[in-house]
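Only one structure is covered here, and it is reproduced in the block below.
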Amino acid sequence: MTGAQAVVACLEKEGVELIFGYPGGVVLPLYDALYDSSIRHVLTRHEQGAAHGADGYARATGKVGVCFATSGPGATNLITGIATANMDSVPMVCITGQVVMPVIGKDSFQEADITGITAPITKHNYLVKNPADLPRILKEAFYIARTGRPGPVVVDIPKDIFTATIDFVYPEEVKLRGYKPLFAGQAEQVDALAEALSKASKPLLFIGGGVISAGASADLVRLAETYEIPVISSLMALGAMPTDHRLHLGMVGMHGTVAANLAVMNCDLLIGVGARFDDRVTGKITHFAPNARIAHLDIDPAEIDKNVRTHLRVIGDLAWSLPTLQQSLARYDFVVEKHTAWLNQVVQWQTDSPLTYQASETVIKPQLVIQELNRLSEGRGLVVTDVGQHQMWTAQYHRFSRPRTLLTSGGLGTMGFGLPAAIGAQLAFPDELVTLISGDGSIMMNIQELATIVEHQLPIKVAILNNNALGMVQQWQRMFFNQRYSHSSFGVGASDYVKIAEAFGATGLRATTPGELTEVITQALAINGPVVMDIHVCAEENVLPMVPAGASLDQMIEGGVG
Amino acid sequence: MRHTLAVLVENHPGVLVHVAGLIARRAFNIESISAGHTEEPDMTRITIVVEGDDRDLNQVVNQLSKLVDVIKIIDLTQEPSIERDMALIKVKARAETRSHIVDIVEIFRAKIVDVNRETMVIELTGEESKIDALCEVLQDYGIVEMVRTGKIALARRPGAAKDDE
């Protein structure tokens with residue numbers, strides 16, 4: 001068979017059911033081979049949409065997302081999507097075409113050094129130089145993408161490899177001397193943590209996206225419940241523990257809850273679980289958890305001591321370490337009641353300083369939009385966001401009850417992620433409600449994907465929190481740049497999103513008052529097809545609380561009605 | 001403190017770019033890096049000298065270990081090992097200074113590998129400090145150009161580093 005047919009055969013062997021992509025010059029042989037396959041291919045309207053689509057599919061399902069792009073500009077258009085997946089540890093295999101081998105390095109038409117460009121933003125990448133290597137490389141690519149700490153892998157395939165003839169044998173197993181993802185770690189590390197936990201009086205679990213990618217949410221909840229330990233989440237961990245769980249204090253960090261941030265500042269043992277202590281979480285790193293010993297459970301040894309110095313570490317898959325910790329703790333004479341005073345304290349903070357905002361009867365408050373979406377959808381389905389104020393309000397005000405129900409670009413903070421990622425989520429779960437919460441800035445960054453949505457009649461509900469501005473930029477300009485709104489307003493020439501939706505063939509609805517808001521959301525949820533809601537929200541709203549960049553977590557600017 | 005790391009990697013295209021790129025973007029301080037073939041045709045050995053405290057070192061080792069093509073990393077600072085650097089030094093050598101330079105070369109047990117009417121090229125293998133010392137002496141005569149391999153190192157014990165658990 002040809003190299004192109006071998007690629008398709010490999011994907012079939014890997015159980016790939018969906019590919020996002022965009023054809024072009026050098027991948028025509030691949031697309032020709034795909035023509036005979038039963039694998040579904042979704043043509044996005046931009047390669048960036050293909051990368052985020054595969055990413056959204058992977059985040060929603062936990063499976064490896066796959067995308068195709070041609071050489072040169074096709075491949076470079078994937079870059080933002082690959083970097084987004086890499087920062088959030090999302091398993092992806094991106095197959096890019098490359099110019100024929102004899103002209104590589106000659107600045108040929110549509111040539112770009114894609115393995116060079118993607119080296120810093122992939123878990124691994126390959127340039128296939130020998131057609132016989134194709135099956136092995138694809139096998140390795142999927143294995144590397146999904147095992148250990150997941151991540152994106154790029155396989156760059158020259159056109160003459162696609163057209164070469166090979167004997168196809170898909171390898172049974174992967175042999176990589178330099179890649180041995182570890183599942184179980186050292187039991188002594190777990191025992192040391194159990195010992196520390198048995199002595200702590202103010203323990204705190206700080207969970208990150210790793211809990212979700214390890215499928216360890218239930219283990220985490222069980223640990224917290226058994227020993228009455230409060231839990232705080234990074235943005236990426238939302239959904240790992242139900243928002244409304246009595247032990248869950250909400251999101252921590254720059255826009256975290258008062259209770260979560262104060263818990264960090266006052267705990268005596270902080271246990272990071274599958275989190276990477278990102279600067280948006282820690283605030284001023286030297287003032288992070290100043291009274292605590294810090295423990296860190298992670299599958300990636302390079303995360304240990306990268307940002308914060310830890311006293312205890314447990315390296316291994318959380319699906320191993322959390323149950324092992326639970327077993328180890330059982331050996332201690334544990335008086336759960338000794339956490340009661342601490343628990344009462346954090347609950348008090350929660351009661352004293354809930355998330356609040358000044359309600360309005362005339363204008364739509366953006367926080368209300370999130371609350372109404374949550375209420376009217378009864379918390380069903382998956383929520384996808386873009387990046388900015390609406391993202392933070394979603395994290396704060398939406399309730400999540402299970403893992404993989406919030407898909408958001410956390411690490412890279414990619415505006416334009418939402419619409420294509422929502423496509424990936426909806427294709428993965430055709431019967432689930434998929435809601436995209438976006439802003440008028442973000443939505444325009446991949447608005448072309450409305451065409452993909454309409455083509456496949458995906459019943460995605462898009463809520464645009466339209467403030468005619470780049471809200472988060474303006475918030476910073478308001479707070480830190482003397483209200484000098486430099487190039488952050490869309491006042492003149494603002495787009496009509498209802499007409500845009502209609503032009504693409506979707507339903508467009510608009511809400512400008514709180515009354516209309518409820519009506520529009522209700523109407524949208526009743527429509528069995530794609531809907532864009534243009535929701536005019538008040539522009540001068542800040543996301544609060546806020547820890548200014550570089551401040552410690554107890555230096556919050558609090559907001560609301562007080 | 002300085003650490004000498006032996007990094008065993010798959011001899012794949014682009015592996016040096018991966019290693020060097022990672023070091024650059026993680027902002028680690030590298031003193032020298034040198035690479036070459038090994039006893040196994042599909043394995044390359046890269047010797048990296050890195051400056052930093054234990055935490056920096058752990059980060060370098062852990063981040064490099066994540067590269068799929070990196071098979072193994074050994075910190076040779078932790079054990080007795082032989083360390084060598086090689087230099088080729090082209091120094092000004094006119095008739096009247098030539099014999100002085102030959103004396104110096106002998107004292108350092110270096111070799112003269114090329115001579116012409118104006119310069120000579122000296123080859124010296126040894127520990128870095130020895131090469132530094134020779135360079136300092138030769139400066140009086142005028143070093144025209146020079147090249148160094150960067151440090152390479154091998155553990156003294158029997159057995160190969162790649163076989164360690």
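Every read-out reported here was derived from the displayed coordinates using simple, explicitly stated rules and does not represent laboratory data. Keep in mind it's a predicted model, so treat the numbers as computed, not measured. Neighbour counts run over all protein chains shown; Cβ positions are idealised from the backbone, glycine included.
What the table below lists for this structure:
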| item | result |
| --- | --- |
| DSSP-defined antiparallel bridges as percent of all bridges, chain A, nearest 5 | 5 percent |
| Fluctuation leader among B:Val17, B:Val105, B:Val60 - chain B, Gaussian network, Cα springs under 10 angstrom | B:Val17 |
| Length-normalised contact order for segment B:82-152 - Cα pairs under 8 Å, 6+ apart - percent | 51 percent |
| Hits among aspartates and glutamates - C-alpha to C-alpha of A:Lys129 under 19 Å, sequence gap 8 or more where chains match | A:Asp107, A:Glu111, A:Asp113, A:Glu140, A:Asp156, A:Asp160, A:Asp167, B:Glu10, B:Asp42, B:Asp69 |
| Ranked packing of A:129-139, A:287-297, A:323-333, most packed first, by mean Cβ within 10 Å | A:287-297, A:129-139, A:323-333 |
| Ordering of A:193-203, A:483-493 by packing [mean C-beta count within 10 Å, highest first] | A:193-203, A:483-493 |
| Percent RCO, i.e. relative contact order, over chain A, from Cα pairs under 8 Å lying at least 6 residues apart | 14 percent |
| Per-residue average of Cβ from other chains inside 10 Å of A:174-181 | 5 |
| 10 Å Cβ neighbours from other chains, averaged over peptide A:110-120 | 2 |
| Relative contact order of chain B, pairs being alpha-carbon contacts under 8 Å that are 6 or more residues apart, as % | 27 percent |
| Tilt relative to chain B, helix B:95-107 - C-alpha long axis, 0 to 90 degrees, to 10 | 40 degrees |
| Segment A:117-180-segment A:244-295 distance, computed between alpha-carbon centres (Å) | 39 Å |
| Shielding of B:64-73 by partner chains, average beta-carbon count, 10 Å | 5 |
| Which of A:Val335, A:Val26 has the fewest Cβ neighbours within 10 Å, and the rest in rising order | A:Val335, A:Val26 |
| Spatial separation of Cα centroids for segment B:15-83 and segment A:1-47, in angstrom | 38 Å |
| Pair A:His311, A:Asp333: separation of 7 Å Cα→Cβ label points (nm) | 2.3 nm |
| Counted charge near A:Leu322, where neighbours are those whose Cβ lies closer than 10 Å (Asp, Glu -1; Lys, Arg +1) | -1 |
| Residue-averaged [θ]222 nm for the protein assembly as shown, counting only DSSP H segments that reach four residues, each worth -39500 (n - 2.57) | -10000 deg cm²/dmol |
| Summed side-chain charge close to A:Met472 - residues other than A:Met472 whose Cβ falls under 15 Å, Lys, Arg +1, Asp, Glu -1 | -2 |
| Sparse-neighbour loop sites [GluC sites (Glu not before Pro); segment B:1-85; at most 16 other C-beta within 10 Å; DSSP] | B:Glu39 |
| Residue order, fewest to most surrounding Cβ atoms within 10 angstrom, among A:Val42, A:Val154 | A:Val42, A:Val154 |
| Share of alpha-carbon pairs per 10 Å distance bin for segment A:187-352, given as whole % | 11, 46, 38, 5, 0 |
